[in-house]
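I have placed the structure first, in the form of structure tokens, so that the comments after it can refer back to it.
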Amino acid sequence: MSMAPVSSRRALLKGAGSLAVAALAPSVAVSAPVPASARTGPFGGVFPIGFTTDLPNGRLDYDGLASQVRFCGRGGVPGFAWPQLASGWTTLSEPERLKGAEVMVDAARQGGPAIVVGVQSREADFAETERYARHAEKIGADAVICIPPPNVSSPKDLLQYYRRIGQVTKLPMFGQAVGPFSVDLLVEMYETIPTFRYVKDETGDPLERVLEINRRTGGGLRSFSGFGVATMMTEMERGFGGHCPFVSLSDLFATTYDLFHSGRRREAFDLFGRIQAASSIFGQSDINVLVARGVLKPEVTKRVAPDAPGSGARKPPVVNPDEIRRVLDVYLQPYLRA
């Protein structure tokens, strides 16, 4: 019996596999632009944290920041936040942050995601935070988000800090809960700061805290998840209002969210499983994913804040863009919206 050449058999098997994947793909829109209503609130869904990248000359890659915003718009991702922890925000100068905010807002004008501008200060300098917040409102951003100031840990002082932000801008406010952010403090902030309606919760066990937060605020304070959104299915089941992954696969996260909240939970479960499987091959924090997807230029590098002393944080291996592209083509192509 004659045998087909190995290369031909491989091509046949690859083609058959692609057909099988396509047959199993959820029937979602190939392109799902962000509806205008997504930018007026109340906010919910997938709000990834943008990367900060540099050009070979060391200057900030503003085109790459704008490209990430447009990528999210094409993929039906309703929000985009920058700069935050995943953005290496402590490496940024004030002029870089101000210009970056303007670049994001401009990139989102035609059907883009809601833009959430980080207004935190490295030095707990409220005057600096105020400048960022007023600038965000002036340029037409949709919301602000603030990491708690360093060396400010008492509930009374944190409450006062966020109250002051609420007094200088009418934009909706996201709080970033890290460190000593008790549920009691979040509830008091919700009850006393009219603009504080969202929290990116990374304190303690957010999967447990969300139940109490929703109960005590009647669902008025919406919890957004962090930590790479590695527990998205449980988060949605327990009542999270949104999720903040990396930008890399944010269109897949958005599809998962849309499927779950349209009652197609098994399809959402299957797609989230594919995200997790892909994440076992390459890290979502690797900017090479966006290089492979044509969003970032191959020559850029990622801004990363220095690790805290003794943190020993485990970093995923860097994977070649060609290998990432192969994985996306073989396993995820029918699901990609952007």
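What follows draws every value from the coordinates through simple rules; no lab data is involved. Keep in mind the model is a prediction, meaning the values are calculated, not measured. All Cβ positions, even for glycine, are placed from backbone atoms using ideal geometry, and neighbour counts span all protein chains on display.
Things to note:
- Structure remark: mean-square fluctuation, Gaussian network model of the chain, C-alpha springs under 10 Å; the largest value among 87, 250, 280 belongs to 280.
- For the stretch 222-274 versus the stretch 174-203, the gap between their alpha-carbon centres in whole angstrom: 21
- Charge context of residue 211, other residues only, Cβ under 13 angstrom, K/R +1, D/E -1: -2
- Taking the square roots of 5 times each eigenvalue of the Cα gyration tensor of the stretch 220-275, largest first, gives ellipsoid semi-axes of 16, 14, 9 Å.
- Between the labelled values (i) 81, 49, 44; (ii) 92, 46, 34; (iii) 54, 43, 41, the entry that holds Cα extents along the principal axes in Å as derived from this structure is (i).
- For residue 336, net neighbour charge (Lys/Arg +1, Asp/Glu -1) across residues whose Cβ lies under 13 Å away: +3
- Amide H contacts of residue 118: 82, 145, each under 5 Å away and 5 or more positions distant or on a separate chain (H built 1.01 Å from N in the peptide plane; Pro and chain starts excluded).
- Across 200/302; 138/297; 170/302; 156/302; 99/156, pairs whose alpha-carbon gap is larger than 26 Å: 138/297; 170/302; 156/302; 99/156
- Convex hull of alpha carbon positions in the stretch 48-190: directionally averaged projected area 8.5 nm².
- With only Cα atoms counted, the stretch 159-303 has Rg and Dmax values of 17.1, 49 Å.
- For 265, 109, order by how many other beta-carbon atoms lie within 10 Å, fewest first: 109, 265
- Charged neighbours of residue 236, selected by a Cβ distance under 15 Å, balance to -1 (K, R count +1; D, E count -1).
- Among beta bridges identified by DSSP and lying wholly in the stretch 34-247, the antiparallel ones come to about 5 percent.
- Scanning residues 5 or more positions from residue 45 or on other chains, those with amide H under 5 Å from its amide H are 242, 243, with H placed 1.01 Å from N in the peptide plane.
- Note on the chain: GNM, Cα springs under 10 Å; of 288, 214, 57, the largest mean-square fluctuation is that of 57.
- Residue with peak Gaussian network fluctuation, the chain [Cα springs, cutoff 10 Å], from 177, 101, 81: 177
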